[in-house]
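Reading through the structure tokens given below for one structure.
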Amino acid sequence: MLIGEVARRSGVSTRMLRHYDSLGLVRPTGRTVGGYREYSEADIRRIFHVEGLRSLGMSLRQVARALADPAFTPSALVGDLIRRTEDRLRREQELLQRLRAIDASEPSGWDGVLHVVELLHGLDSPSPSRRQQAALTPIEDVPLLARAVLSEAHPNVAGALRWALARAGADGVAGVAEGMRSA
């Protein structure tokens, strides 16, 4: 089967098939008199193997190693892919939380967005002194402050956050009460 027909039937572009050939992932079994790539049934099965592994999030380099290694163990690869996916999802969840915090603060312009981003970095810092310093800056975002109060374990930082929450007035207490009821 010629490259154009393989591309139509497999859904893999001719450009990608040429790339696979250049990397040695899928080498066509033969060439026509005119120099066109000619793929056998085994070549097409290998294309589907490559595409299947790519659909799991593997890079082409990882796919090449997996297909070339007779001692390849899929379970080790799948475990690694699970860990990487969980890390990526965790980072995406953190980004989503930051975006929601920015959205909830209803910034009027880029200065407001940047202020909330700076505040988030400070409150999420691994350094207790950095978190405490962030808590001592004027914070008008009560939901963000309430979330920080509920998650803080360091006593000095927790005290600074409670003080900032007390400055926020009744809205602060309502935010903490709502947070305590949530999952």
Helices (runs of 4 or more DSSP H) completely within the range 1-55 that count 2 or more residues being small (G, A, S):
3-10, 41-55
Taking S129 as meeting all but one of (1) surrounded by 14 or more Cβ atoms within 10 Å (Cβ to Cβ); (2) farther than 17 Å from I102 by Cβ, write down the number of the exception.
(1)
Considering each residue of the range 137-166, count those that are in a helix (DSSP H, G or I) and either at pLDDT below 80 or under 29 Å from the mean Cα position of the chain (by Cα) (or both), and give that number.
10
Note: among G79, G4, G11, just one is more than 30 Å from V142 (Cα to Cα) and at pLDDT below 90, namely G79
How many residues does the range 114-126 contain that are within 15 Å of L99 (Cα to Cα) and open to solvent by 30 Å² or more (accessible area, probe 1.4 Å)?
6
Looking at (1) exposed (fewer than 13 other Cβ atoms within 10 Å of the Cβ); (2) part of a loop (DSSP other than H, G, I, E, B), which one does D87 not meet, given that it meets all the others?
(2)
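Just to be sure before I move on: is A66 loosely packed, with under 14 Cβ neighbours inside 10 Å and without any contact (Cβ under 8 Å) to a residue 60 or more places away in the chain in the structure I sent? I'd like the intermediate steps shown before the answer.
Details: loosely packed, with under 14 Cβ neighbours inside 10 Å: no; without any contact (Cβ under 8 Å) to a residue 60 or more places away in the chain: yes.
Answer is no for this residue.
Evaluate the following for A76: is it over 30 Å from A158 (Cα atoms), assigned to a helix (DSSP H, G or I), aliphatic (A, V, I, L, M) and open to solvent by 50 Å² or more (accessible area, probe 1.4 Å)? Reasoning before the result, please.
On the way: over 30 Å from A158 (Cα atoms): yes; assigned to a helix (DSSP H, G or I): yes; aliphatic (A, V, I, L, M): yes; open to solvent by 50 Å² or more (accessible area, probe 1.4 Å): yes.
Yes, satisfied.
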The listed residue being out of contact with any His (no Cβ under 9 Å at 6 or more places or on another chain), buried (at least 18 other Cβ atoms within 10 Å of the Cβ) and under 26 Å from G79 (Cβ atoms), out of L25, L53, L17
L53
Taking the range 1-14 and keeping only residues that are without any contact (Cβ under 8 Å) to a residue 12 or more places away in the chain, closer than 18 Å to G35 by Cα and open to solvent by 20 Å² or more (accessible area, probe 1.4 Å), one is left with G4, E5, T14
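The values are calculated or read from the model by the stated rules, or taken from the named source; none is laboratory data. Computed from a prediction, not measured in an experiment: that's the story for all the values here. Cβ: placed from backbone, ideal geometry, glycine included. Neighbour counts: every protein chain shown. Accessible surface areas use protein heavy atoms only, side chains included; no ligands, DNA or RNA. Shrake-Rupley method; radii C 1.70, N 1.55, O 1.52, S 1.80 Å.
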